[in-house]
Amino acid sequence: MTTVDAARIPQEAELDHLRAMHEIRAFEDECHRMFAQGLVRGSTHLCQGQEAVAVGAAAALRDGDTMTCTYRGHGAVLAMGAPLDRAFGEILGKADGLCRGKGGSMHLTDVSRGVVGSFAIVGAHLPIATGLAFAARYRGTGEVTLCFFGDGATNIGAFHEALNLASIWKLPVLFVCENNLYGEYSPIASTTPVTRLADRADSYAMAKTVIDGNDVLAVRATVADAAELARTGGGPTLIEALTYRQKGHSRSDPATYRPAGELDAWLERDPITRTEASLRAAGVSDAQLAEVGERARSAVTEALERAKAMPDPEPAERLEDVYAGGPVQAWSAA
Amino acid sequence: MTVATYKEAINRGIGDALAADEDVFLIGEDVGAAGGAFKTTDGLFDRFGPRRVLDTPISEQAIVGCAIGAAMRGLRPLAEIMFADFAGVCFDQIANELPKIRYMTGGQVTLPVTIRMANGGGAGFAAQHSQAAENWFLNVPGLKIAVPGTPADAYGLLRAAVEDPDPVLYFEHKGLFNVKAELPDAPLVGKLGRAEVVRTGEDCTVVASQLMRHRALEAAEALTGEDVSIEVIDPRTLVPFDHETVGASLDRTNRLIVVQEGPPGGSWGASLIAKVVQERLEILDAPPLLIAPDEIPVPYASTLEAAYLPSAERIAAAVRRTLAY
């Protein structure tokens, strides 16, 4: 487990990480409510409990770096700075949503913030992340690509192909595995013979590290180190961030398969309360901490109101954005 | 003007695409120092170096995924899947990622990716290295599909694919690698979505691509002795498909035969016939015919594979049947 010199991260930054985690938590809680109210289509995959991985890793990036994540990616997308209202708008299927209502909860994308895609086929974006990193190498930009994925993705073939290619070509990509202990409904131990997923890096002669994914400063420092290594030609790193999915796999999953006490134990290690404790120990007052949370929740509530007021897409817009050359012709002959 | 083989035309097309645009790079298995399994990339590694011509591991998902990611950042990847059959290994990347990312992101991302694949049968490679795989991708909106049948089209469509802003699957037929034809010293960049009327005729329209284009022409030649005149059209790209050229031909001949190398189910030939029946039934003088192989894996033995692939004789017989209707 990596130990971190937290002293190098200023308190202002830690407070901002707290704000970002509060916003993600409130955003996900609103999504949960909206699904219960029938306001959102399809499914959603929430990340309460995993906020520190997203916020810490995103904070380690620079302008021009890129990020890809999974369908459980709301937190990662928001951590990169995507606007709350347009993210909500996308989940509500609005014309002014991040993807004009074409992608929804599982595909939030904001290229202007380096968020080049949220992917809903497990593992499929790992090879794509190698390509993003390849482009940086090809052009000599010094940019890195941050690639989030879950523990379950380490068992799919694309993981192997991507890590192997990234390693032989020494591509500037950071593979951040959010080990939240469950691949969909199955505990990781029932599907995976190794205990430490980071050990899989050994097969690719790749740098590896295991971190406490609920410690936002540890995540940030580790990802920053790996990014520096990648930028200077040292190649990729596999980072295993130990964390916990406080909710079920998707909206229809009450997660009754979890052993008694497991959730409670992890709630005690909640990334938000831990960051608050850290700041409190450093002299930040309870009132200041409460204000950070309140402001974040207000920002989320207001963003949701704006999103709800966004127009729905016109039906004809369904034919747009398939090809660069213009809309597809409607199949009108039938 | 020089005579070039289909394979040489592909090689020239790749070389000219690399020379024309620094953002173009070539990746695939053995495309570099080895010059490609079919020598289609011969000499390019020496000419453009390891930065732009890259050998990959045997990792089709990584090849296509890497191409997608690089294209997201503005590069124009030219990826090779050695045999089209191997597209099965990376079907997710080709069918779920490549054609959908632009749409799912509301147009934020454009993917000018070209994937070249060696296609088709006739050479005894058996069931996993002989398929005409283009039909697999017809049901995936967001892809364009090029199926060149001549050296000029091999060159022109390759350049067009690389210059196109959208993903293009480019199928190069293994049975045509040594077909020769004149190729200008500065060949034209082709246009996707333009069919070629290869031979004009009055009695029946035969639409065929790649190896079947050549067999349709053989049949047309054979039928001249029976005073039958058939029009042969090569669609050259399946997506977009040039329905205008086929429709204009049918308005004159009133009879349609489609010849394809892939099995009939869910195929471009079946789609073309369905559209013609739906929109032009009243002008047809005979039921359209789809000439295709049997619905079996591609067999190995020469007698079996020869019986499997549509022959010029079978095409000629179909024309006679259509005219006698």
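Readers should treat all values here as calculations from the given coordinates under stated rules, not as data from a laboratory. Just so it is clear, the structure is predicted and the values come from calculations on it, not from any experiment. Cβ coordinates were reconstructed from backbone atoms using ideal geometry, including for glycine residues, and neighbour counts include every protein chain displayed.
Would you work out if region A:1-118 is rounded, prolate or oblate? Take a ≥ b ≥ c from the square roots of the eigenvalues of the alpha-carbon gyration tensor; rounded if a/c is under 1.5, else prolate when a/b is larger than b/c, oblate otherwise.
Details: a/c = 2.26, a/b = 1.65, b/c = 1.37.
Prolate, since a/c reaches 1.5 and a/b exceeds b/c.
For a label point 7 Å from the Cα of B:GLU244 along Cα→C-beta, name the residues of region B:197-236 whose backbone N is under 16 Å from it.
Backbone N within reach: B:197, B:235-236.
Could you size up the charge dipole of the protein assembly as shown around its Cα centre, putting +1 on the beta carbon of Lys and Arg and -1 on that of Asp and Glu, and report it in debye to the nearest 20? Write down the numbers at each step before the final one.
Numbers: 60 positive and 86 negative charges, 49 e Å.
Once rounded to the nearest 20, the dipole reads 240 debye.
Specify the residue with the greatest mean-square fluctuation among A:ASP151, A:ASP202, A:ASP270, computed from a Gaussian network of chain A linking alpha-carbon atoms under 10 Å apart.
Fluctuation is largest for A:ASP202.
Using alpha carbons only, what's the Rg to Rh ratio of region B:2-183 with Rh from Kirkwood? Don't skip to the answer; put the middle values down first.
On the way: Rg = 15.1 Å, Rh = 16.0 Å.
Ratio value, two decimals: 0.94.
Averaged across A:114-127, how many Cβ atoms of other chains sit within 10 Å of each residue's Cβ atom? Spell out each step's value before the answer.
Working: counts 0, 2, 7, 9, 2, 4, 3, 5, 1, 3, 7, 5, 4, 15.
Partner-chain Cβ atoms within 10 Å, mean over residues of A:114-127: 5.
At a 10 angstrom cut-off on C-beta neighbours, averaged per residue, how do the peptides A:221-232, B:227-238 rank from highest to lowest? Please list the in-between numbers first.
Values: A:221-232: 20.4, B:227-238: 23.1.
Per-residue mean Cβ counts within 10 Å order the peptides as B:227-238, A:221-232.
When you look at the Cβ of every residue in A:165-176, what mean number of other chain Cβ atoms sits within 10 Å?
Working: counts 9, 2, 0, 2, 5, 0, 2, 0, 1, 0, 0, 0.
Mean shielding count: 2.
Just to verify a number: FRET efficiency for A:ASP202 and A:ARG33, C-beta to C-beta distance, R0 = 51 Å, to 0.05? The partial results should precede the final answer.
On the way: r = 44 Å, r/R0 = 0.85.
About 0.70, to the nearest 0.05.
Taking amide H positions as placed 1.01 Å from N in the peptide plane, with prolines and chain starts having none, which residues 5 or more places from A:LEU146, or on another chain, fall under 5 Å of its amide H?
Residues meeting the criterion, in which the H sits 1.01 Å from N, are A:THR66, A:MET67, A:THR68, A:LEU174.
Could you give each residue of region B:161-167 its phi-based ³J(HN,Hα) in whole Hz, using Karplus coefficients 6.51, -1.76, 1.60 with θ = phi - 60°, and x for Gly or Pro?
Values per residue, Gly and Pro as x: 4, 5, 7, 5, x, 10, x Hz.
Would you mind getting me the FRET efficiency between B:ASP285 and A:VAL194? Use the beta-carbon distance for r and R0 = 60 Å, nearest 0.05.
Details: r = 69 Å, r/R0 = 1.14.
It comes to 0.30.
May I ask for the angle, rounded to the nearest 10°, between helix B:6-20 and the longest principal axis of chain B, with both axes built from Cα atoms and the value confined to 0 to 90°?
That works out to roughly 40 degrees.
For the residue pair B:ALA123 and A:THR232, what label-to-label distance in nm results when each label sits 7 Å from Cα along the Cα-to-beta-carbon direction?
Result: 4.9 nm between the two label points.
Which of the listed residues, A:GLY131, A:GLY49, A:SER285, is farthest toward the dipole's positive end in chain A, when Lys, Arg count +1 and Asp, Glu count -1 at the beta-carbon?
A:GLY131
Check A:GLY325: other-chain or 5+ apart residues with amide H under 5 Å from its amide H, H built from backbone geometry?
Sorted by chain and number, the residues that satisfy this come to none at all.
Can you return the aspartates and glutamates within cross-link range of B:LYS100? Criterion is Cα-Cα under 14 Å, with same-chain partners fewer than 8 residues away left out.
Partners found: A:GLU320, A:ASP321, B:ASP92, B:ASP166.
Gaussian network model of chain B, Cα springs within a sub-10 Å range: biggest mean-square fluctuation belongs to which of B:GLN131, B:GLN93, B:GLN278?
The residue with the greatest mean-square fluctuation here is B:GLN278.
Give the peptides B:207-220, A:156-169 in descending order of average Cβ contacts within 10 Å, highest first. Don't jump to the answer; show the numbers that get you there.
Numbers: B:207-220: 25.7, A:156-169: 22.8.
Output ranking for B:207-220, A:156-169: B:207-220, A:156-169.
Kirkwood hydrodynamic radius (Cα pairs, Å) of the protein assembly as shown?
Numbers: mean 1/r = 0.0374 Å⁻¹.
In the protein assembly as shown this quantity evaluates to 26.8 Å.
For region A:274-281, in order, what is each residue's ³J(HN,Hα) by Karplus, 6.51 cos²θ - 1.76 cosθ + 1.60 with θ = phi - 60°, in whole Hz (x at glycine and Pro)?
Calculated HN-Hα couplings, in order: 5, 5, 4, 5, 5, 5, 4, 5 Hz.
Residues with beta-carbon under 13 Å from that of B:ALA33, excluding B:ALA33: net charge, scoring Lys, Arg +1 and Asp, Glu -1?
Numbers: positive: B:LYS39, B:ARG47; negative: B:GLU29, B:ASP30, B:ASP42, B:ASP46, B:ASP55.
Once positives and negatives cancel, what remains is -3.
Quick check on the protein assembly as shown: of the DSSP beta bridges with both residues there, what percent are antiparallel, nearest 5%?
Bridges in the protein assembly as shown are about 20 percent antiparallel.
Using a simple spin-label model with points 7 Å from Cα along the Cα→Cβ vector, what separation in nm is obtained for B:ALA33 and A:ALA13?
Taking the simple label geometry, B:ALA33 and A:ALA13 are separated by 4.3 nm.
By how many degrees, between 0 and 90 and to the nearest 10, does the Cα long axis of helix B:243-253 differ from the longest principal axis of chain B?
20
Evaluate E = 1/(1 + (r/R0)^6) for B:ALA301 and B:LEU188, where r is the Cβ-Cβ distance and R0 equals 41 Å; express this FRET efficiency to the nearest 0.05. List each step's numbers first, then the result.
Working: r = 41 Å, r/R0 = 1.01.
That pair, B:ALA301 with B:LEU188, gives E of 0.50.
What's the ranking of B:293-306, B:256-269 by average number of surrounding C-beta atoms within 10 Å, highest first? Walk me through the numbers before you get to the answer.
Details: B:293-306: 13.7, B:256-269: 22.9.
Packing order, densest peptide first, comes out as B:256-269, B:293-306.
Run the simple label-point estimate for B:VAL197 and B:GLU22 please: 7 Å along Cα→C-beta, distance reported in nm.
Placing both labels 7 Å beyond Cα along the Cβ direction yields 4.5 nm.
Would you mind checking which residues have amide H under 5 Å from B:ASP30's amide H? H placed 1.01 Å from N; only 5 or more apart, or other chain.
The answer is B:THR56.
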